[in-house]
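What follows is a short report on a single structure.
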Amino acid sequence: MSSVDLTQKDRGRVTDRGFWLLCIAAGVTVLVVLAAILVSTVNEAWPAFSVEFFTSAKWIPNQVAGGNPVFGSLAFLYGTVVVSLISLVIAVPVSLGIALFISELAPRRVRGPIVTVIDLLASVPSVVFGLWGVLVVAPKLVPIYRWLHDVLGGIPLIGSLFGEVSSGRNFMTAGVILSIMVIPIITSISREVFDTVPDSDKQAAYALGATRWEMIRGAMLPHSFGGIVGAIMLGLGRAMGETIAVALVIGSAVQISANLLTSGYTIPAVIVDQFNEAGGDYLSALIGMGVVLFVLTTIVNLLARIVVRRAEIRMKGA
């Protein structure tokens with residue numbers, strides 16, 4: 001073996017080692033940045049943290065008649081979760097349907113324009129969605145909400161979700177607007193995941209006599225489950241963190257109500273609405289709600305990873 005070959009091998013080892021160190025440094029940097037964000041925000045929010053902050057739905061930031069201000073984040077946390085769930089309930093089936101249509105049903109000449117429209121929808125600024133929602137969508141939905149109340153309002157349990165309608169600015173409208181904003185994200189990722197399904201798996205399903213739906217259910221969806229969950233989690237993260245659009249259409253009422261047709265508030269919306277006028281413990285409370293949102297999104301992502309891992313183990317075992 002010549003010295004030239006040895007030199008090339010040594011260079012290859014050095015290159016591999018350098019690339020490995022670069023990847024490690026990138027991963028550590030991400031963790032350090034996240035830790036720094038968490039530590040700094042917790043430090044700023046610490047004066048406002050108390051049992052009442054996490055368990056109370058009262059929000060009285062300014063002293064009234066000599067009383068002490070009250071900072072309770074429960075109503076905002078409730079609004080964030082409710083609006084996000086509404087958006088997912090609407091967006092997930094629509095997004096998966098669009099992704100399957102593009103991947104399996106749409107003619108080749110139609111796929112390009114559909115993908116372009118979806119990508120353009122994802123690039124629309126959130127403030128545009130918010131203005132469209134408050135000026136156009138909210139007034140148009142009021143008759144529909146009243147019809148839902150008339151039809152479903154008398155049904156036990158379900159009726160409590162569709163109570164009296166005060167205006168078009170409510171939990172449901174915020175969820176509808178968010179679902180439109182989330183659909184492009186879930187659709188694009190799901191489509192890419194569906195395209196990774198081996199064609200041999202599809203043809204094997206057809207060879208066994210499966211229909212198109214049976215092939216999708218038995219071959220495509222199990223193979224793509226992890227990616228679909230990841231797409232939904234990204235969409236959920238967008239929904240939980242959305243600020244301007246939700247602030248414009250949710251109505252800004254600090255309350256916990258089962259009625260989806262009444263006004264509410266979310267954590268990002270209250271932060272953007274009240275941050276400029278806050279100071280002292282008031283500012284600490286707003287930063288504290290940012291910490292709550294950070295922890296909530298982390299928990300949701302950890303739960304999603306557990307679901308994906310268990311599903312993968314079950315499929316391998318089968």
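The values are calculated or read from the model by the stated rules, or taken from the named source; none is laboratory data. Quick caveat, the model's predicted, so the values are computed rather than measured. Here the Cβ is made from the backbone with ideal geometry for all residues, glycine too, and neighbour counts use every protein chain on show.
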Handout entry: Hey, Val142 of a type in the set (Val, Ile, Thr) and over 24 Å from Arg238 (Cα atoms) or not
Key = yes
Practice task
With respect to Phe19, determine if the residue is modelled with pLDDT of 90 or more, in a helix (DSSP H, G or I) and either out of contact with any helix residue (DSSP H, G or I) (no Cβ under 9 Å at 6 or more places or on another chain) or not charged (D, E, K, R) (or both).
Solution key: no
Problem - Pair list, Cβ under 8 Å, 6 or more apart: segment 124-140 residue assigned to a helix (DSSP H, G or I), other residue charged (D, E, K, R) - result: Ser126/Glu242; Val134/Arg169; Ala138/Arg169
Exercise for the section: Looking for whichever is in contact with a Phe, Trp or Tyr (Cβ under 8 Å, 6 or more places away or on another chain), in contact (Cβ under 8 Å) with a residue 12 or more places away in the chain and part of a helix (DSSP H, G or I) here; the options are Ala285, Ala304. Which one fits? Expected result: Ala285
Handout entry: Tally, over segment 175-195, of residues that are touching a Gly at 6+ places or on another chain (Cβ under 6 Å) and either outside any helix (DSSP H, G or I) or more than 21 Å from Gly226 (Cα to Cα) (or both)
Key = 1
Practice task
Scan the helices (runs of 4 or more DSSP H) fully inside segment 198-282 and keep the ones with 1 or more residues being touching a His at 6+ places or on another chain (Cβ under 9 Å) and either surrounded by 19 or more Cβ atoms within 10 Å (Cβ to Cβ) or assigned by TED's automatic domain parsing to the domain that holds Ser56 (or both).
Solution key: 199-207
Handout entry: Near pairs, Cβ below 8 angstrom, 6+ apart or cross-chain, from segment 188-212 (free of Cβ contacts under 8 Å to residues at least 12 places away in the same chain and farther than 23 Å from Ile114 by Cα) to any residue that is part of a helix (DSSP H, G or I) and small (Gly, Ala, Ser)
Key = Ala210/Gly218; Ala210/Ala219
Problem - Qualifying position, being surrounded by fewer than 20 Cβ atoms within 10 Å (Cβ to Cβ), part of a helix (DSSP H, G or I) and assigned by TED's automatic domain parsing to the domain that holds Leu260, among Ile114, Ile102, Ile86 - result: Ile114
Handout entry: Phe53 part of a helix (DSSP H, G or I), more than 30 Å from Gly227 (Cα to Cα) and modelled with pLDDT of 85 or more
Key = yes
Practice task
Return a yes/no flag: does segment 22-32 have any residue that is surrounded by 12 or more Cβ atoms within 10 Å (Cβ to Cβ), in a helix (DSSP H, G or I), at pLDDT 85 or above and of a type in the set (Gly, Ala, Ser).
Solution key: no
Exercise for the section: Report yes if Trp147 is aromatic (Phe, Trp, Tyr), in the same structural domain as Met240 (by TED's automatic domain parsing) and within 29 Å of Arg191 (Cβ to Cβ), otherwise no. Expected result: no
